[in-house]
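Only one structure is covered here, and it is reproduced in the block below.
Please treat every number below as a calculation from the coordinates, not as lab data. Being a predicted model, the structure only gives us computed values, none of them experimental. Note that we place each Cβ from the backbone using ideal geometry, even for glycine, and neighbour counts take in every protein chain shown.
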Amino acid sequence: MKHIAIAGAGPAGAATALLLAQQGMQVTLLEQETAFDRVFRGEGLMPAGLDALYQMGLKETFAQIPSRQLDAWDFYVGGRRRMRVVEPDRRGLATQIIDQGALLIAMVEQAKTLSNFEFYPGWRVSELLRGDRGEVIGLRAARQGQSQDFLVDAVIACDGRYSRLRQLAGLQIDKSSAQFDVLWFKLPAPPSLAEETPFVACLQPQRQFAFYPSWDGRLQIGWIVEKKSKQALAKLKNRDWIEEFAQALPPDLAAHFRQHKDELEGPIYLDVQVGCCPQWSIPGLLLIGDAAHPMAPNRAQGINMALRDAIVVANHLAGVAESDGPIRTETLQAIQAERQPEIEAVQKMQLAEWRKVALISQPGLPYLTFKAIATAFGRFRFAQAIWLHEQKGLREGVLPVKLHLTKALSSLG
């Protein structure tokens, strides 16, 4: 059986490692951090991402991690709710707010029950090992002054938007012209949201932010800003953010924000990058997840697309798991060929949504026109249905992704 090294234990890396190990392949998973806790991780599982988890046989595992099912999408314009779209539950698949760290731990722990899986937390890749023809034959990684070489049949880079392996391989990324970033905050959730879980988008001229009650009982708040220098971003920390939020909220929510002013956490700056590598692989090395195609944060597409990447990788590598010789470059290229159309389509939808928000939040006629339209039509079912239809690709994916591995499917919960 083939030996695969995976760099990065995020959603793409942990899911791919579990699926390949379940097929009997020798899998070595390296992660430069020693813990799965992060200041910020994507928490939204769209139906497409949840379906991918269920296909992997993780339905029972998912039921055991902290999560909240989304109830509705609320749109506040000018401090009032103008539209509510109830979250549909189709085939038992509805958007979930999850503890991503707990999910990653659960996947790695399940993989660790297999004798052909090894996990190396705290190990940072320092070098790609090359064969006589320049092909990648392994990794060199280090931890606390200790260095080790891992000789394998293929390396899969799942090390995120700033991928070190992508740089070591000399692969380039084509970035979009996205000119926005996100500031993340946390605040205790109001009692009114203890039992209800809406995603709330708030819009006023020069104010665009959204929040939802997270799995930990706090509000996760994201504020959209234009791309700025580090000096300009530093100045933003001194703004009275509670008042900035309160200006776009109804009185009851504004009062809650002001009451808990001293408990506000943040801002945490997210450098938004959206792009896709023209080439995801070289002989012996494959990029997937954010390493190959960093996503915008709307609808948490990073984790959702990563889980779907993992399924496609497992499908293709299972076919060559017991073959003689190295994994063919054509096999790695086929993975990109299958995944890139959906990635590009989803990124296009994400960026179109951001451009629309930028337009309707402009002071004057653009904002006033949108406010009037939202006020007049937001309460009607047809308007809500139109919005939901426009979200179909971000919610359910663009192309079908089906796991073909009988060993993984046999463990469905």
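At-a-glance table
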read-out	value
Candidates per trypsin sites (Lys or Arg not before Pro) in the range 176-276, loop by DSSP, up to 11 other Cβ within 10 Å	Lys237
Separation of alpha-carbon centers, the range 90-136 and the range 170-216, rounded to whole Å	26 Å
Aspartates and glutamates with Cα under 20 Å of Lys348, excluding same-chain neighbours fewer than 8 positions away	Asp174, Asp181, Glu226, Asp271, Asp290, Asp309, Glu338, Glu390, Glu396
Computed lengthening from Tyr162 to Leu359, 0.36 nm per intervening residue step minus Cα-Cα distance	67.9 nm
For Gln208, distant residues with modelled amide H under 5 Å away	Ile224
Angle between the chain longest axis and helix 329-360 axis [Cα atoms, degrees, rounded to 10]	10 degrees
Exposure proxy order (Cβ contacts within 10 Å, fewest to most) of Met56, Met305	Met56, Met305
Coil-residue GluC sites (Glu not before Pro) of the range 128-214, DSSP, other Cβ within 10 Å capped at 13	Glu195, Glu196
Gain in span if fully extended, Arg80 to Arg38, counting 0.36 nm per residue against the direct Cα distance	11.8 nm
Average Cα contact separation per residue, the chain, under 8 Å, 6 or more apart, as relative contact order %	24 percent
Ranking of Thr369, Thr61 by count of other Cβ atoms within 10 Å, fewest first	Thr369, Thr61
The range 1-19-the range 351-365 distance, computed between alpha-carbon centres (Å)	39 Å
Under 21 Å from Lys402, Cα to Cα: lysines that are on another chain or at least 8 residues apart	Lys59, Lys392
Neighbour-count ranking [beta-carbon atoms within 10 angstrom, fewest first] of Glu243, Glu342	Glu243, Glu342
Neighbour cut-off at most 13 other Cβ (10 Å), DSSP loop, trypsin sites (Lys or Arg not before Pro), the range 289-382	Arg328, Arg379
Positive-end extreme of charge dipole, the range 180-271 - chosen from Tyr269, Ala232, Ala210 (charges on Cβ)	Ala232
Residue-averaged 222 nm ellipticity for the chain, from DSSP H runs of 4+ at -39500 (n - 2.57), nearest 500	-11000 deg cm²/dmol
Percent breakdown of C-alpha pair distances by 10 Å bin, ordered from the shortest bin, for the range 180-271	16, 53, 27, 4, 0
(i) 39, 22, 20; (ii) 36, 23, 21; (iii) 42, 22, 19, with the label sought being that of the calculated semi-axes √(5λ) of the Cα gyration tensor in Å	(i)
Mean separation of Cα contacts under 8 Å, 6 or more apart, over the residue count of the range 180-271: relative contact order %	41 percent
Label-point separation in nm, Gln279 to Asp216, each point 7 Å along Cα→Cβ	4.2 nm
Nearby lysines by direct alpha-carbon distance to Lys186 (threshold 16 angstrom, same-chain neighbours under 8 apart not counted)	Lys237, Lys261
FRET efficiency for Glu244 and Lys112, using Cβ-Cβ distance with R0 set to 56 Å, rounded to 0.05	0.80
